[in-house]
Amino acid sequence: MKLEFTSQAKEVMERACDIAYSLRSSFVGTEHLLCALIEVDEGAAWEVLNANGAKANVVREYIINNIIYKIVRRYNNEIK
């Protein structure tokens, strides 16, 4: 089975990989995908945030500071 992705979906996946790599994460999780989704202008996640007065950069920073670092730290401790 071959999966076909839109160019926007490919962009989100590539951005999620970049985010995971930049945070020294050894995996791409839903938290990385969420960060990527809100960074892609004109995407549905970005539109929902915008329509409700949220700022993508604030949400992204929250995700990174409160979720990703904790997950990566826990994962790295488990593999030691």
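The values are calculated or read from the model by the stated rules, or taken from the named source; none is laboratory data. The shown structure was predicted, so the numbers you read here are calculated from the model rather than taken from an experiment. We place every Cβ from the backbone using ideal geometry, glycine too, and count neighbours over all the protein chains shown. Calculation scope for accessible area: heavy atoms of the full protein, side chains included, ligands and nucleic acids excluded. Shrake-Rupley method; radii C 1.70, N 1.55, O 1.52, S 1.80 Å.
Table for the structure above
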| item | result |
| --- | --- |
| Test: residue in the stretch 6-15 that is under 12 Å from Arg60 (Cβ atoms) and of a type in the set (A, V, I, L, M, F, W, C) | no |
| Conditions (1) touching a Cys at 6+ places or on another chain (Cβ under 6 Å); (2) open to solvent by 40 Å² or more (accessible area, probe 1.4 Å); (3) part of a helix (DSSP H, G or I); (4) not hydroxyl-bearing (Ser, Thr, Tyr): number failed by Ile19 | (2) |
| Meets criteria (open to solvent by 80 Å² or more (accessible area, probe 1.4 Å), under 13 Å from the mean Cα position of the chain (by Cα) and not β-branched (Val, Ile, Thr)) for Glu11 | yes |
| Every residue from the stretch 22-42 that is out of contact with any Cys (no Cβ under 7 Å at 6 or more places or on another chain) and part of a loop (DSSP other than H, G, I, E, B) | Leu23, Arg24, Ser25, Ser26, Phe27, Gly29, Val40, Asp41, Glu42 |
| Residue list for the stretch 63-78, restricted to those being among the polar types (S, T, N, Q) and either farther than 11 Å from Ser25 by Cα or surrounded by 13 or more Cβ atoms within 10 Å (Cβ to Cβ) (or both) | Asn65, Asn66, Asn77 |
| Residues being outside any helix (DSSP H, G or I) and open to solvent by 90 Å² or more (accessible area, probe 1.4 Å) - total across the stretch 43-62 | 2 |
